[in-house]
Amino acid sequence: MTKKILKQKGFIIGLAIVIFFILIAVFAPYIAPNNPLEMNISCKLQKPSSQYWLGTDNLGRCIASRIIWGARSTLLYSMTVLTAIVIVSIPIGLISGYVGGRTDAVIMRVIDIIMAIPSFMLVLAVAGTLGASARNMIIAMSSVWWAGYARIIRGMAIEVKQKDFILALKSAGCSHVKIITKHIFKNIAEPIIVLATLELGSIILAIASFSFIGLGAQPPTPEWGIMISDSKDYIQSQPQLMIYPGIAIIITVIGFNMLGEGLKNAFGRKLYE
């Protein structure tokens, strides 16, 4: 399987992009040429130089340093949201799909109610109620987005549950917990990984969007969505202030999408053994 994955050119390119941004996030204190929070009004809106690689913004802050530190903020927030979603959705989806009956009906009605409202609007409502902050944004996104994952995982669990080897395990007296954790989950782990990887791009875009409208991370935090929001008044005179963080977002999203598509193509339709 490893050889098959490595043959996917899209996967290799996506992996290189993702690793690049992860390294930037990890080593941001050593890579950034300046303090991303330091303001120097006398140096505002400067052009690129040896001191300010991409120039400075309207407050005299180093754009390159803020983008580098922004990679850390964006990846940390997105990974936290994804982890929370996975932790909640996997057990709920597995239990709903395997147990069935009233348990499945109750869980699915809750999921239907959550998914009946557009997720972005629901997150806006939750984040707005809790207050504007990165923590509340993460809580809001995690509390809403798990439902879609749980529904997909439930469908996969139902499909695996109907396989002959699961029926044989039940006949042999294998415990339900062991069947769920060792056999059903094992056989749906690959598509879950693909789903999670592909969804990271959407999560990054959503985080940038919430920060842009003021419901995510708050200034002066170096975060890509905030950088775009801070520079919207200079879109005509200094468009690079929006272009640089926008490019960072686009490349990161493309990287995760290519990574996910590469995994999807490598795994193909072989989801069960």
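Quick look at the values:
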| read-out | value |
| --- | --- |
| Check: the chain dipole with +1 on Lys, Arg Cβ and -1 on Asp, Glu Cβ, in debye | 860 |
| Over the stretch 99-169, relative contact order from alpha-carbon pairs under 8 Å, at least 6 apart, % | 30 |
| Two-site FRET efficiency, Asn265 against Asp233, from Cβ-Cβ distance with R₀ of 41 Å, rounded to 0.05 | 0.40 |
| Rounded percent of accessible protein surface that carbon and sulfur make up, the chain, 1.4 Å probe | 66 |
| Linear extension gain, Ile158 paired with Ala16, 0.36 nm per residue minus alpha-carbon span | 47.5 nm |
| Pairwise FRET efficiency - Ile254 versus Met115, Cβ, R0 = 30 Å, nearest 0.05 | 0.65 |
| Inter-centroid distance (Cα atoms) of the stretch 60-115 relative to the stretch 133-190, Å | 15 |
| Long pairs among Lys170/Lys264; Lys161/Lys186; Lys163/Lys186; Lys7/Lys182, criterion Cα-Cα beyond 19 Å | Lys170/Lys264; Lys7/Lys182 |
| For the stretch 190-273, Kirkwood radius (reciprocal of mean inverse C-alpha pair distance, Å) | 14.2 |
| Accessible area per residue, Å², the stretch 1-271 with all protein chains present, probe 1.4 Å | 50 |
| Cα-based Rg of the stretch 137-187 normalised by 2.2 N^0.38 Å, two decimals | 1.47 |
| Most fluctuating residue given options Ala168, Ala71, Ala150, as computed from a GNM of the chain linking Cα atoms under 10 Å | Ala168 |
| Extended-chain gain in nm, criterion 0.36 nm per residue less alpha-carbon gap, Ala189 and Leu59 | 42.1 nm |
| Cα-centre dipole for the stretch 196-273 with unit charges at Cβ (Lys and Arg positive, Asp and Glu negative), debye to 20 | 260 |
| Percentage relative contact order, the chain, counting C-alpha pairs under 8 Å, at least six apart | 27 |
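The values are calculated or read from the model by the stated rules, or taken from the named source; none is laboratory data. For clarity, every value in this text was computed on a predicted model and none was experimentally measured. Virtual Cβ from ideal backbone geometry, glycine too; neighbours counted across all protein chains shown. The protein model used for the area step is the full one, side chains on, heavy atoms only, and it has no ligands, DNA or RNA in it. Shrake-Rupley method; radii C 1.70, N 1.55, O 1.52, S 1.80 Å.
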